[in-house]
Amino acid sequence: MKPNFEKRFDNSYSYFREIQILTYLNQRSAPVPVLLEGSSKEKIITMEFVGENLYDQRNVLSFKNKLVISLDLIQAVYFIYDMGILHYDIALRNLTSKNETGKGFRLYVIDFSVSTSSIFKLQKPLWILPRLDKQHKVFVDAISADWNNFFNFYDKKYPKDFNEIVEVSKQNYENYWVDNLYVERIKSPLSVIFHNVSFALEELFASNTLEIKKHKLGESIYGLRNIYDDTIVKRKIEKINAHIREISDNIGGSLPTPVPLISTDNDPIKKFICENNYIALKKYERYVHIILLAAVFYSVDRGYSYNQISINDLDYYIGLFAVLTWIIFLILFATRNGVGLRVINVILCVQLGYFFFRIFLETDKFLFPLIGSIIAFIITVRSFLIKP
């Protein structure tokens, strides 16, 4: 029997809000604990136990496992964001990882006390104090404005130094009901969320200084900070996902976790199907190219022989160049040099184009050169559409 986890609340407002959000996310199979039951009298909710938090595990996880977890982290946070829940306190203490039989490690996001949503509107300031050293400036300004209004409402002085303990009366907090809080009007919520994700990743890899420096992962992690445009953040997310996968490939591992397709589509099921198809295509695209190119070159050779086309000097030199190009192609393929493969694909297709043109000139056959040219054209275009 699986152990359960209990969470206690100081007030009914936070208790009911956590139940609302967890129930909503459970119904959408989000990577959060399953809500089992709640006791409104005692203000306790019982959830599925989803492992120890990542802060406690950070020094025992291998670098390879951290790469897997970091991709899970990014995907989980973005999925929850896409569901309309904005978790503004992403940190290792609010992330757990559990080794599930047959599924490997699975990451969960917990503690939604510092989150907003257009579905479940806030009626009180978020129970968190501004910290410019860790939080995005946009969030600091918003939460400061909300707490300033709170203190002004009770004719109290709003504290300027939050390094010390700030006492807030529980009774005052429970009796304070407002609408249209500043924290709900943040215009770039994804930027704020992934600013926190950056610090979580930095803390996760803190004991892997040599690996981070070697693979230059720190640049991608820091690149998520202090951004004020969600469109830019989406590109940064895709970039760090690709970087992490590249590192895993270089150290001889493989990461099965799908890369989230960042889009404005509101249909998550359709989105995940598309992203899985894209990953499969990206993974096997080069193999498809090499098989097609080899088959087409073989067909050209048979076409020359079958139609008794004489080989002139230009044919000879282009054929010799084709052999050298194939050798370079195979070397780049083995070393996973994606940019080089793009260039060589184009060169090989240009050579094929010449041979098809010669067959077309020397024979009355039109179909084979046309089909071959279409294949070469598709390979050329795909070379630039598929990311290395």
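The values are calculated or read from the model by the stated rules, or taken from the named source; none is laboratory data. For clarity, every value in this text was computed on a predicted model and none was experimentally measured. Heads up, the Cβs are rebuilt from the backbone with ideal geometry, glycines too, and the neighbour counts pull from every protein chain shown. Areas reflect the complete protein model, heavy atoms only, side chains present, ligands, DNA and RNA absent. Shrake-Rupley method; radii C 1.70, N 1.55, O 1.52, S 1.80 Å.
Considering Glu184, Glu167, the condition of being out of contact with any Phe, Trp or Tyr (no Cβ under 8 Å at 6 or more places or on another chain) and surrounded by 16 or more Cβ atoms within 10 Å (Cβ to Cβ) is satisfied by Glu184 alone. Remark: pairs (first residue in the range 195-206, over 20 Å from Phe139 (Cα atoms); second residue acidic (Asp, Glu) and surrounded by fewer than 19 Cβ atoms within 10 Å (Cβ to Cβ); Cβ separation under 8 Å; 6+ apart in sequence or on different chains) = Phe205/Glu211.
In this structure, does Ser144 turn out to be within 24 Å of Ile240 (Cβ to Cβ), among the small types (Gly, Ala, Ser) and not in a loop (DSSP other than H, G, I, E, B)? No: the conditions fail for Ser144. Note on the range 84-141: residues that are within 17 Å of Phe194 (Cα to Cα), of a type in the set (A, V, I, L, M) and either surrounded by 17 or more Cβ atoms within 10 Å (Cβ to Cβ) or modelled with pLDDT of 95 or more (or both) amount to 12. Here's a check for you: in the range 10-47, which residue that is in a loop (DSSP other than H, G, I, E, B) and more than 18 Å from Val109 (Cα to Cα) is least open to solvent (accessible area, probe 1.4 Å)? Filtering the range 10-47 for residues that are in a loop (DSSP other than H, G, I, E, B) and more than 18 Å from Val109 (Cα to Cα), the one least open to solvent (accessible area, probe 1.4 Å) comes out as Asn11.
Every test in (1) modelled with pLDDT of 95 or more; (2) more than 18 Å from Tyr81 (Cα to Cα); (3) buried (at least 16 other Cβ atoms within 10 Å of the Cβ) is passed by His215 save one, and that test is (1).
With the requirement that a residue be open to solvent by 60 Å² or more (accessible area, probe 1.4 Å), more than 19 Å from Gly353 (Cβ to Cβ) and under 39 Å from the mean Cα position of the chain (by Cα), what does the range 298-335 give you? Scanning the range 298-335 gives Ile327, Leu330, Ile331, Ala334, Thr335.
Number of residues in the range 59-83 that are basic (Lys, Arg) and open to solvent by 10 Å² or more (accessible area, probe 1.4 Å): the value is 1. Mind listing just one residue for me: the one in the range 48-58 that is open to solvent by 50 Å² or more (accessible area, probe 1.4 Å) and either of a type in the set (D, E, K, R) or not in a helix (DSSP H, G or I) (or both) and, of those, farthest from Ile247 (Cα to Cα)? Only one residue fits best here, namely Phe49. Among the residues of the range 356-379, those that are closer than 21 Å to Leu341 by Cβ and touching a Gly at 6+ places or on another chain (Cβ under 8 Å) comprise Ser373, Ala376. Count, please, the residues in the range 218-242 that happen to be out of contact with any Lys or Arg (no Cβ under 7 Å at 6 or more places or on another chain), in a helix (DSSP H, G or I) and not hydroxyl-bearing (Ser, Thr, Tyr). Selection size over the range 218-242: 14.
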